[in-house]
Each structure stands twice: as C-alpha cells, then as structure tokens.
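Data block below; observations after.
Every number here is computed from the coordinates shown, using simple stated rules; none is lab data. Quantities reported herein were computed from a predicted structural model and do not represent experimental measurements. Cβ placement follows ideal geometry from the backbone for every residue including glycine, while neighbour counts extend to all protein chains displayed.
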C-alpha cells in the first residue's frame, strides 16, 4: 500500500497523453513557477483523504487530488482559454479512463473528476489562465 502511487499513476497517464508536459515538483508553492515554463508544466497536489473502517479485511481510502495546468495569454485570451480546456480535457480523459486504472499495477480502484474551474492565475493579471481539475481517487487495501 502506498499513497505515493497516486502521483506515479497521474504522471504516467499525463506523459502518455501529452509527452511534452512535465510536473512542477514544488509541493506547496505553485506561485513560483517561472512564466517561461507555464505552457509545459502542470502541478499535482495530493490533498485530504478519508478512510473507512475495515470490512472483510478491506479498507477503502479516498484521496483528493488537485491538478493545475497553465497557459500564457495571447492577444485572444478566449482562444488561449479554449486551448487550455482542450489540454485539461485530454488529461482528464486519460486519468479517469477505467482501462488505464485497471492496467496500472497498484491499489487504485477508480479515479473520478469531481470539479473543474478556469480562472486567471492572479486577479491583477489576466495574461495567464489556469485550469484546476479536482479528482477523487479511490483505493482499496487489504489489512491482512
């Protein structure tokens, strides 16, 4: 059992779907991503989790994952936002695909997309758009 396999799974699926994307590895401070890297990096944050009591020697954990992708603006910010939505959709389809979850050698049972939102990276600067996708990752573990 390992919760770190969530990052491994997401990174693998994103690399398959969008090979030019890389993870920004700062655990908490995503504001320091250099603007020159915004079009090619994403950030994963594995957040709060819950767990059930053991039933028939099995425990179910649910972990919340926040994925953030960015795109630098152009003269047509609507076009930039649409392009970023397409990137986010491609990532979403890869990570929630039950076939991909099934093939992955780990304890992940399902990945569900629970929320999506688009906003400027900073309210005072609408030149950079970010999209955040929230996921619920369900994992089952045997306690025996």
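To check you understand DSSP bridge types, tell me what percent of the beta bridges within the chain (both residues inside) are antiparallel, rounded to 5.
Numbers: 36 of 38 bridges.
Around 95 percent of the beta bridges assigned by DSSP in the chain are antiparallel ones.
Picking from 51, 75, 118, which is most flexible by a Gaussian network model of the chain using Cα springs under 10 Å?
The residue that fluctuates most here is 75.
Specify the residue with the greatest mean-square fluctuation among 48, 110, 88, computed from a Gaussian network of the chain linking alpha-carbon atoms under 10 Å apart.
Result: 48 has the largest fluctuation of those listed.
Any chance you could tell me what percent of the C-alpha pair distances in the chain go past 27 Å? Don't skip to the end; give the middle numbers.
Details: 2549 of 10296 pairs.
Tail of the P(r) past 27 Å holds 25 percent of the pairs.
Using 7 Å Cα-to-Cβ label points, what is the residue 35/residue 16 separation (nm, one decimal)?
Taking the simple label geometry, residue 35 and residue 16 are separated by 3.7 nm.
If one puts a single equal scatterer on every Cα of the range 62-144 and applies the Debye formula without solvent, what log₁₀ I(q)/I(0) results at q = 0.10, 0.11, 0.12 Å⁻¹?
For the range 62-144, the Cα-only Debye profile gives -0.32, -0.38, -0.44.
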